[in-house]
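What follows is a single structure, written as structure tokens, with notes after it.
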Amino acid sequence: MPADHLKLTERAPEEVLYRRGPEAITVAGFLADVMATAALLPARGPVANLCTDRYLALVGFAAALVAGHTTLLSADRSPRRLRELAESHAATIALAEASEPGWALPVLTPRRAGAVFRGAVPAFPADMIAAIAFTSGSTGEPTPHVKPWGSLVRHARTAATRFGLRHGDGAPATLVATVPPQHMYGFETTMMVPLVSAAAGFSGPNFYPSDIADGLAQAPGRRILITTPLQMRAQLEAAAPLPPIDAVISATAPLGVGIAAQAERAWNTRVLEIYGATEAGSLASRRTLDGDAWLPYPEIRFAIEGRCAIVDVPGLPHRVPLADELEPLTGTAFRLLGRRTDIVKLAGKRASLAGLNRILTGIEGVRDGVFLPPEDLDRNPAARLCAFVVAPGRSAEQIIAALRERVESVFLPRPVLMVPSLPRDALGKLSQRALGALRGQSP
């Protein structure tokens, strides 16, 4: 094998790579499924991977590598998005469990071969563009970011090391996730990490709190729940009994200390967070209750100057500027202040919208909430923030009273609008379109 090539996996054939409910799939079984699927792919790529079954998504991704194709990762399965992938990225086929009305591409379902593979494990050039990941579109239109195979492997190895998932780190872990495999966070943790570590992925229903409880109950060994702050809150509110959990890993949005503390008490576990960005991948982690200092992954190097931060990521051909404002701390640690576009200024004072949202959702009885600045905030001295709040049984006056004890008066929302729910996506994010619709509801 050439020195610049990396194998699909270094794991032994008999190791359990994935679990589909009670079914344990070994590395040899996985490779047989990959080869069977690769043989059915067209000569030209790229491939749009839309599988909701986490294991089939991994088989499809690996099969595309074997066929020499790039995988397009998009959690948006709408006909409009699929047409855009076909037009802008020349996608030739979609991998999915079944076609849906309006889809413009032919559909192939990754195969289950029902066999074991005994040949040489395929390897790929480190600079091969294995995937193109798209931002969620929460700050505008989805933006593509290329992912070389070598960078994906090195990222997954460092994440596995940070979270104690490598061989020799104790009993093998099973990763039960609530995030889509096409999102960069879900892709790295539940598709790439099982390829390079001793952990097994888990594929099963994962939307409702009862689904998550059932999935964890089926998972043997050390259980690790990979989720988001919004889904953690829903799980806690459901109060569904959970089996022992070794750790909870959260990402996609800042996690409030109150929710982390509640989860650690209720589930007798550790709550950890990942900081990252689609363009750079996962970059740092922390235990939420240990404070606001983030520790970079090994080999990740941050350069922080003023409000700007640039990161060096092994395997990527260039340094990546970040949209977040970071504050350097002792050694390599840093504090996350929020997105530069997230900082609002009123009466000479500055605040982070993300920080205000954490305070709002930390109020007793508040299930969800978001602060919104008016579009004329920069040019209208009288402009003020507004807030949309989901808090059954609480009034706007009670929310204002609670906020008055926690934030400076200039940032008190005027008005507070009580709503039954917020239009969040599967990751708990609010897109620009959704935020625009909310602004249209404000006085």
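Points to keep in mind about this one:
- Dipole check for the range 1-69: with +1 at the C-beta of Lys and Arg, -1 at the C-beta of Asp and Glu, and the Cα centre as origin, the magnitude is about 180 Debye.
- Computed accessible area, M418, all protein chains, 1.4 angstrom probe, square angstrom: 70 Å²
- Leading residue at positive end of dipole, the chain (Cβ point charges), from W103, A217, L377: L377
- Using only alpha carbons, the range 167-318 has a radius of gyration to Kirkwood radius ratio (Rg to Rh) of 0.97.
- Viscosity 1.567 mPa s, temperature 4 °C, Stokes-Einstein D of the range 303-443 from Kirkwood C-alpha radius, µm²/s: 77 µm²/s
- For the chain, the number of Lys pairs separated by eight or more positions or lying on different chains, with C-alpha atoms closer than 30 Å, is 4.
- Projected-area mean, the range 193-276, by convex hull of Cα positions, square nanometres: 5.5 nm²
- For the range 117-201, trypsin sites (Lys or Arg not before Pro) are listed when DSSP marks them as loop and at most 11 other Cβ atoms sit within 10 Å of their Cβ; the list is R118.
- For the range 295-371: rounded, prolate or oblate by the Cα gyration tensor [a/c cutoff 1.5]: prolate
- Rounded, prolate or oblate (a/c below 1.5 giving rounded, otherwise prolate when a/b exceeds b/c) for the range 126-223 by Cα gyration tensor: oblate
- Neighbourhood net charge (14 Å Cβ-Cβ; Lys/Arg +1, Asp/Glu -1) for R270: +2
- Taking only protein heavy atoms and a 1.4 Å probe, the accessible area of the range 13-149 is 56% carbon and sulfur.
- Between the exposed loop cleavage positions of the chain, defined as GluC sites (Glu not before Pro) in a non-H, G, I, E, B DSSP state with at most 15 neighbouring beta-carbon atoms within 10 angstrom, the longest gap is 98-298.
- Loop chymotrypsin sites (Phe, Trp or Tyr not before Pro), the range 183-243 (other Cβ atoms within 10 Å of the site Cβ: 14 or fewer; DSSP): F207
- Accessible surface of the range 231-387, 1.4 Å probe, proportion on carbon and sulfur as whole %: 51 percent
- Charge dipole (debye, nearest 20) of the chain; +1 at Cβ of Lys and Arg, -1 at Cβ of Asp and Glu: 320 debye
- Accessible surface area normalised per residue over the chain is 43 Å², counting heavy atoms of protein chains with a 1.4 Å rolling probe.
- In this rough spin-label picture, where each label sits 7 Å from Cα along the Cβ direction, the N380-A303 distance is 4.1 nm.
- In the context of the full protein assembly, H318 retains an accessible surface of approximately 110 Å², using a probe radius of 1.4 Å and ignoring ligands and nucleic acids.
- Residue-count net charge about P415 - beta-carbon cut-off 14 Å; Lys, Arg +1, Asp, Glu -1: +2
- Distance-filtered residues of the range 286-306 - backbone nitrogen under 11 Å, label point 7 angstrom along T161 Cα→Cβ: 297-300
- Each of A266, G256, P298 was scored by the projection of its Cα onto the charge dipole of the chain, and the greatest displacement toward the positive side belongs to G256; charges sit on the C-beta of Lys, Arg, Asp and Glu.
- In the chain, the calculated helix contribution to ellipticity at 222 nm averages -7500 deg cm²/dmol per residue, counting -39,500 (n - 2.57) for every DSSP H run with n ≥ 4.
- Just so you know, the Rg over Rh for the range 1-67 is 0.99, from Cα atoms, with Rh as the Kirkwood radius.
- Evaluated at q = 0.07, 0.09, 0.11 Å⁻¹, a Debye calculation over the C-alpha positions of the chain (equal weights, vacuum) places log10 I(q)/I(0) at -0.36, -0.59, -0.89.
- Other residues within the sphere of radius under 13 Å centred on the Cβ of L283, judged by their own Cβ, net out at -1 (K and R +1, D and E -1).
- Segment D169-S99, length gained on full extension (0.36 nm per residue, minus Cα span): 21.1 nm
The values are calculated or read from the model by the stated rules, or taken from the named source; none is laboratory data. Predicted, not measured: the structure shown is a model, and the values here were computed from it. In this analysis, Cβ positions are derived from the backbone assuming ideal geometry, glycine residues included, and neighbour counts consider all displayed protein chains. Calculation scope for accessible area: heavy atoms of the full protein, side chains included, ligands and nucleic acids excluded. Shrake-Rupley method; radii C 1.70, N 1.55, O 1.52, S 1.80 Å.
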